[in-house]
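Participant: Questions regarding the structure given below will be posed in turn.
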Amino acid sequence: MRLPPDVTVRKFFYDGTPSYVWEGRLVERESSLVVLEAYFTRDRRDLGYVVFERGDVFIEFYYLDRWYNVLQIYSAQGQLKGWYCNVTKPATLSDGELRFVDLAIDLFAYPDGTSLPLDVEEFEELAIRLYQPADTQQARAAFEQLQALHQAGQLPSRPFPAEPGCDAC
């Protein structure tokens, strides 16, 4: 039997505006790492470079000391779709709530070793008009680090869950 979600994830824009909320189940907790298992519970969403479908499994790696998080994505049947790498301020975890601030620029990493930078123009615009210079510098360094991790085959990874399932999917 699946345990119910025990962590609420809250994504925010840089100005503090809430962006997106979802639930996840804690599968690992270390001093600066939180790993969650979550399920895509919405209707099919075609982003042009990947398709999310109801029941897709997300293994989510959040760092309390790094400027990014990584979402490893499997189909409900266990096929690895790739890694969605978000450049963010370091996450915080308190009272069952994980929060992070998105910094626009992302990287989608495919299992075949290719990758696709996302929202680069949006990031550059926000870096000029909104972001603090130190945050912009951290974001650029995090993006480069994510690219290097992917090229080296070292993005965080876990196997497909042995008993996947989502009653709410």
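Participant: If I ask for residues that are at pLDDT below 95, among the charged types (D, E, K, R) and not in a strand (DSSP E or B), which ones from region 1-37 would you list?
Facilitator: Across region 1-37, the qualifying residues are Arg2, Asp6, Glu30.
Participant: While we're here: Before we move on, is Thr88 of a type in the set (S, T, N, Q) and more than 24 Å from Arg25 (Cβ to Cβ)?
Facilitator: Details: of a type in the set (S, T, N, Q): yes; more than 24 Å from Arg25 (Cβ to Cβ): no.
Here the answer is no, as Thr88 does not meet what is asked.
Participant: Here is a further query. Do you know which residues across region 42-57 are modelled with pLDDT under 95 and within 16 Å of Pro161 (Cβ to Cβ)?
Facilitator: Gly55
Participant: Then there's this: Please go through region 98-115 and give me each residue that is under 12 Å from the mean Cα position of the chain (by Cα) and among the acidic types (Asp, Glu), ordered by number.
Facilitator: Matches in region 98-115: Asp102, Asp106.
Participant: Let me ask you something else. Is it true that Gly55 is in contact with a strand residue (DSSP E or B) (Cβ under 8 Å, 6 or more places away or on another chain), crowded, with 16+ Cβ neighbours inside 10 Å and not in a strand (DSSP E or B)? Quick ask: steps written out before the conclusion?
Facilitator: On the way: in contact with a strand residue (DSSP E or B) (Cβ under 8 Å, 6 or more places away or on another chain): yes; crowded, with 16+ Cβ neighbours inside 10 Å: yes; not in a strand (DSSP E or B): yes.
Against the criterion (in contact with a strand residue (DSSP E or B) (Cβ under 8 Å, 6 or more places away or on another chain), crowded, with 16+ Cβ neighbours inside 10 Å and not in a strand (DSSP E or B)), Gly55 qualifies.
Participant: If only one of Asp119, Asp112, Asp102, Asp95 is modelled with pLDDT under 95 and out of contact with any helix residue (DSSP H, G or I) (no Cβ under 9 Å at 6 or more places or on another chain), which one is it? Let's see the steps before the verdict.
Facilitator: Working: Asp119 fails: modelled with pLDDT under 95; Asp112 fails: modelled with pLDDT under 95; Asp102 fails: modelled with pLDDT under 95.
The match here is Asp95.
Participant: Return the only residue of Thr136, Thr92, Thr114, Thr88 being closer than 15 Å to Leu71 by Cα and among the polar types (S, T, N, Q).
Facilitator: The conditions single out Thr88.
Participant: Name the pairs whose Cβ atoms lie under 6 Å apart, with the first residue in region 134-160 and under 21 Å from Phe58 (Cα atoms), the second surrounded by fewer than 17 Cβ atoms within 10 Å (Cβ to Cβ), and 6 or more positions between them or separate chains?
Facilitator: Phe160/Gly78
Participant: Enumerate the pairs (first residue in region 8-20 and without any contact (Cβ under 8 Å) to a residue 12 or more places away in the chain; second residue anywhere and surrounded by 12 or more Cβ atoms within 10 Å (Cβ to Cβ)) with beta-carbon separation below 7 Å, excluding pairs fewer than 6 apart on the same chain, so at least 6 apart or on different chains.
Facilitator: Close Cβ pairs (under 7 Å, with a partner that is surrounded by 12 or more Cβ atoms within 10 Å (Cβ to Cβ)) amount to Pro18/Arg10; Pro18/Phe12; Tyr20/Lys11.
The values are calculated or read from the model by the stated rules, or taken from the named source; none is laboratory data. Keep in mind that what you see is a predicted model, and the values were worked out from it rather than measured. Neighbour counts are summed over all protein chains in view; Cβ atoms, including those assigned to glycine, are modelled from backbone coordinates with ideal geometry.
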